[in-house]
1. Any residue in region 173-201 that is open to solvent by 10 Å² or more (accessible area, probe 1.4 Å) sitting within a Cβ distance under 8 Å of a residue that is among the aromatic types (Phe, Trp, Tyr) and in a helix (DSSP H, G or I)? List the pairs, counting only those 6 or more apart or interchain.
2. Find all pairs meeting these conditions: Cβ atoms under 7 angstrom apart; at least six residues apart or on different chains; first residue within region 238-251 and in contact (Cβ under 8 Å) with a residue 40 or more places away in the chain and closer than 13 Å to LYS284 by Cα; second residue surrounded by fewer than 24 Cβ atoms within 10 Å (Cβ to Cβ) and among the aromatic types (Phe, Trp, Tyr).
3. Given the criterion in contact with a strand residue (DSSP E or B) (Cβ under 8 Å, 6 or more places away or on another chain), surrounded by 15 or more Cβ atoms within 10 Å (Cβ to Cβ) and closer than 12 Å to ALA141 by Cα, identify the matching residue among LEU103, LEU91.
4. Among what's in region 52-74 and is hydrophobic (A, V, I, L, M, F, W, C) and without any contact (Cβ under 8 Å) to a residue 60 or more places away in the chain, pick the residue that is farthest from LEU264 (Cα to Cα).
5. Looking only at region 320-331, decide whether some residue is crowded, with 19+ Cβ neighbours inside 10 Å, under 14 Å from the mean Cα position of the chain (by Cα) and within 27 Å of ASN53 (Cβ to Cβ).
6. Output the strands (runs of 3 or more DSSP E) that fall wholly within region 73-162 and possess 1 or more residues being among the polar types (S, T, N, Q), or say none.
7. Out of all the residues in region 300-311, is one or more crowded, with 19+ Cβ neighbours inside 10 Å, under 14 Å from ILE220 (Cα atoms) and either of a type in the set (Val, Ile, Thr) or at pLDDT 95 or above (or both)?
Amino acid sequence: MAVKTDELVKMAETKATGGHSLGGVPVTLHGRTLVPNTRIPLNLDWVEEVRVNTSAVERRAGTIGARRSVKKDWQAAWLLRAIACMDLTTLSGDDSAERVKRLCAKARRPLQDHLVKALGIEELHLTTGAVCVYHAFVETAVKALEGSGIPVAAVSTGFPAGLSPLAERVQEIRRSVEAGASEIDIVITRAHVFNGEWNALYDEVAAFKDACGEAHMKSILGTGDLLTLRNVARASWIAMMAGSDFIKTSTGKEAVNATLPVSLVMVRAIREYAERTGMSVGYKPAGGIKTAKQALDWMALMKDELGRPWLEPTLFRYGASSMLADIERQLEHHVTGRYSALSRHPIA
């Protein structure tokens, strides 16, 4: 029962040209070719003019799951795409080297062999987009993923609170890069947003980006702590102007993590930033995304608001782990017509 769709053909083409890139396909928005984001001077006018109609955002977000519906082979293809865009993550206090090794093995082979064969996707060599761990396990993950092409992402800068001294946070980034991390997820100081200290926030994110060197930087805004959607939008603009490669919702440790209204605000900030600067910024919702249905909702949001290029792991990631097990269950149902027990799809 092989899945044969245009989406899978595109995925196969992406994998064949390097997996973690668009394979030379230009990133465009409204017909305009975009370049990767680089730092631009802080423009406080852009920040101050931000306005968000909260009720309108909530209404629009509430329609996302109902406006698009993908079924059968198309749904299977979208769920495979979700796996390719997943940062498989473990950020628990009881993490161990063995847990990280098991997670990396799952990242290399995210679907059980019988599902890969039944779906007819052996040639895709499907993997997750990255593995995300604490600094202490970067070297372990790099070694476990050697030869796979899967990048290692490290959470940094005093994760999750981001309240350690700036010099220590910068040094933490450098140590993770030296250990082999090719992506760094940094945490902003939320107090800068509350106090309207935009210059301080810009300088902080710029310093983190400098410390990353060639590593890609994802800026975690901690949206559940920012209180208002306007604060979320303003923090998004500052992080992008300071050179972030991605903006990310949450650490996963806040009381409220990724939500569709927050994501809609951030994604539209990315779109407007691209329209003004000609530069593309990626997006990563994280925390609380646990089901295949939620994965489809976020992909529909990205497709509607930003277009096809933002369904690639170069510009879109999920911060998730348990979601992979539910996606496996949905794919098994697609193949067999039966739902399997969650315990048959372990993560780590």
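1. Final answer for the pair search is HIS192/TRP198.
2. Partner pairs satisfying both residue conditions: THR251/PHE159.
3. Values: LEU91 fails: closer than 12 Å to ALA141 by Cα.
None of the others qualify; the one that does is LEU103.
4. Filtering region 52-74 for residues hydrophobic (A, V, I, L, M, F, W, C) gives 52, 56-57, 61, 64, 66, 70, 74.
Those left that are additionally without any contact (Cβ under 8 Å) to a residue 60 or more places away in the chain: 56, 66.
Numbers: ALA56: 11, ALA66: 15 Å.
Checking each candidate, the answer is ALA66.
5. No: zero hits.
6. Values: elements: 86-89, 130-133, 152-155.
Qualifying strands (runs of 3 or more DSSP E): 86-89.
7. Looking for residues that are crowded, with 19+ Cβ neighbours inside 10 Å, under 14 Å from ILE220 (Cα atoms) and either of a type in the set (Val, Ile, Thr) or at pLDDT 95 or above (or both), one finds none in region 300-311, hence no.
The values are calculated or read from the model by the stated rules, or taken from the named source; none is laboratory data. Computed from a predicted structure; not experimentally measured. Note: ideal-geometry Cβ built from the backbone for every residue, glycine included; neighbour counts use all protein chains shown. Each accessible area value is taken on the protein alone, full model and side chains, heavy atoms only, with ligands, DNA and RNA left out. Shrake-Rupley method; radii C 1.70, N 1.55, O 1.52, S 1.80 Å.
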